[in-house]
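The values are calculated or read from the model by the stated rules, or taken from the named source; none is laboratory data. Small disclaimer: the values here were computed from a predicted structure and weren't measured. Cβ coordinates were reconstructed from backbone atoms using ideal geometry, including for glycine residues, and neighbour counts include every protein chain displayed. Only protein heavy atoms, including side chains, enter the accessible area calculation; ligands, DNA and RNA are left aside. Shrake-Rupley method; radii C 1.70, N 1.55, O 1.52, S 1.80 Å.
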Amino acid sequence: MRIPVPRPRSLAGQLFAMQAVLIAVLVAGYALFTYVSDRSQAEEAAGRQAMAVAGAVADSPSVRAAIHTPDPSARLQPYALRVMRDADVDFVTIMNTHGIRWTHPTQTEIGKKFLGRIAPAVAGESFTETYTGTLGRSVRAVTPITEDGKVIGLVSAGIKVEAISKRVQGQLTALLGVAAGALALGAIGTYAINARLRRHTHNMNAAELSRMHDYHQAALHAVREGLLMLDGQFRVALINDGGRELLGFAAEGDVVGRSVAELGLPAPLTGALLASEPRVDEVHLAADRVLVVNTSPVSGGERRGTVVTLRDVTELQSVMGELDSERGFTQALRSQAHEAANRLHTVVSLIELGRSEEAVDFATAELELAQALTDQVVAAVSEPVLAALLLGKTAQANERGVELVVSQDSRLDDGLLPASLPARDLVTILGNLIDNAVDAAQGSVRAKVTVTAYTAGSELVLRVADTGAGVDPAHAETVFQRGFSTKPAGPGGRGLGLALVRQAVSRHDGTLSVAEAAGGGAEFEVRVPLRGAGGAGGAAAGVMVEDASTTAAVPAEDRRAAQGTASGGDA
């Protein structure tokens with residue numbers, strides 16, 4: 001049979017026991033000190049009272065007159081008894097200078113010798129002492145009776161210690177009642193405080209709290225996601241290593257205790273952290289990362305703070321962008337496959353009609369136009385990643401009824417871009433700018449997007465212009481913030497593309513600006529410094545992709561179809 005091991009007392013229970021014992025010891029100590037102090041004060045007060053009574057009797061003329069009579073006791077005994085009763089003392093003894101009593105509370109003690117010292121009084125000095133006499137232990141005063149400077153008798157008045165003890169005991173009873181009340185109030189207050197402490201500690205003992213703290217610290221540093229805890233005033237109460245890394249704080253930086261508004265985070269992210277309502281899977285930009293932010297208020301009858309979790313989805317966001325591009329390419333290929341089938345049917349029909357020469361001319365013209373477009377794009381931008389991106393975006397734009405062209409000023413040779421400028425960032429920058437321009441130009445009178453890419457000195461210049469409605473100068477800065485958009489929100493939300501562009505440009509210490517395009521609409525310009533480039537950059541006139549003769553010879557519909565076919569095949 002297993003013997004159950006008693007659970008250790010909780011921390012609140014230990015504190016309650018300690019506080020109860022402490023209060024009891026304090027009350028008992030105070031009661032003892034008060035008893036001793038009161039007893040000492042009572043004895044001193046009894047001595048003063050006895051001295052006053054003895055002095056009053058010694059100064060009485062009737063006492064001096066009675067001493068000279070043949071039988072002093074006959075007159076002094078009734079007087080002494082009356083004084084005892086009126087002055088509330090236990091005895092008044094009048095005696096001669098030899099200590100023979102003339103008065104005493106007990107009649108049989110009259111005529112006997114006084115017990116105690118009388119020498120100082122015979123010498124003319126009054127004094128008090130505690131002495132055990134015929135009535136028991138008492139506090140007494142002895143004073144001389146003088147006449148014409150001569151001591152003719154002595155007076156002793158006293159109060160029994162037993163009487164003094166009874167007085168102190170009465171005070172002690174009241175004191176003990178007060179002490180018991182204080183102990184009871186202290187115990188009730190201690191119990192109430194510890195009951196609240198038990199609620200806060202969930203009735204766990206010190207060992208359990210210590211173990212939980214160790215687990216808490218281990219879990220805090222083991223979690224790869226960012227964890228941020230804010231108090232009720234939105235100050236940082238706790239942040240783990242992942243949170244410091246994702247938000248760009250130095251590991252040794254003093255972040256705890258600072259307000260969220262003082263951390264220098266982007267305004268949308270700061271607003272999300274300061275919000276009183278929960279936030280679920282919101283995408284925000286911080287430093288050079290794309291973060292998914294979740295916030296959950298901590299409440300226990302009142303707002304105690306906020307728990308924030310952060311997930312790094314920078315790579316995921318980039319992959320999603322590439323997936324969107326691939327999805328667009330797929331749709332373009334599907335459309336071009338349909339167009340190719342139509343053209344193939346045309347060629348077959350011409351052959352069936354015996355018009356072989358016309359069939360060859362039709363097919364040859366289509367191939368030449370597609371190859372010309374590919375050659376022109378590659379000649380202007382021979383950097384393979386950007387060339388593939390431009391051909392693919394051309395197909396996507398054509399499917400949406402927007403003409404995408406590369407300007408005559410473009411010139412970007414292969415191997416010119418350094419390794420410090422990865423292809424993924426170029427796709428993020430130029431791809432999002434083109435998508436934004438196509439969205440803006442779609443539906444305009446002449447839906448057109450113009451892309452310019454070249455190097456000037458030691459920097460890469462990317463410029464995208466559209467024929468849309470343009471950007472209000474008042475929104476020249478806010479247009480790059482996450483969540484800003486002039487278009488209705490779609491299923492996945494809007495306002496992230498330009499924010500990602502700005503993040504990528506800032507990561508490479510570049511600049512991003514927007515202005516009004518020459519023919520109306522908006523023109524976005526990116527300038528990124530080239531570090532360690534493989535060749536010298538320079539603004540070059542480049543190859544004119546918009547060939548006037550080709551444009552004039554081929555209808556716009558066929559031209560867009562041919563461009564889509566070329567880009568789809570190249571992709």
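Quick rundown of the values:
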item: Pick from the range 220-231, criterion hydrophobic (A, V, I, L, M, F, W, C) and open to solvent by 50 Å² or more (accessible area, probe 1.4 Å), ranking: nearest to V290 (Cα to Cα); result: V223
item: Extreme residue, farthest from the chain's Cα centre (by Cα), among residues of the range 400-412 that are surrounded by fewer than 19 Cβ atoms within 10 Å (Cβ to Cβ) and either more than 23 Å from G457 (Cα to Cα) or among the polar types (S, T, N, Q) (or both); result: Q408
item: Within the range 436-467, tally of residues that are open to solvent by less than 20 Å² (accessible area, probe 1.4 Å) and either assigned to a loop (DSSP other than H, G, I, E, B) or touching a residue at least 60 places away in the same chain (Cβ under 8 Å) (or both); result: 10
item: Filtered residues of the range 185-213 (kept if of a type in the set (S, T, Y), farther than 22 Å from A24 by Cβ and open to solvent by less than 30 Å² (accessible area, probe 1.4 Å)); result: T201
item: Those strands (runs of 3 or more DSSP E) lying entirely in the range 60-161 with at least 1 residues under 18 Å from A46 (Cβ atoms) and modelled with pLDDT under 85; result: 127-133, 136-147, 150-160
item: Criterion violated by H202 - all others in (1) at pLDDT below 75; (2) touching a Pro at 6+ places or on another chain (Cβ under 9 Å) satisfied; result: (2)
item: Some residue of the range 224-243 being touching an Asp or Glu at 6+ places or on another chain (Cβ under 7 Å) and hydrophobic (A, V, I, L, M, F, W, C); result: yes
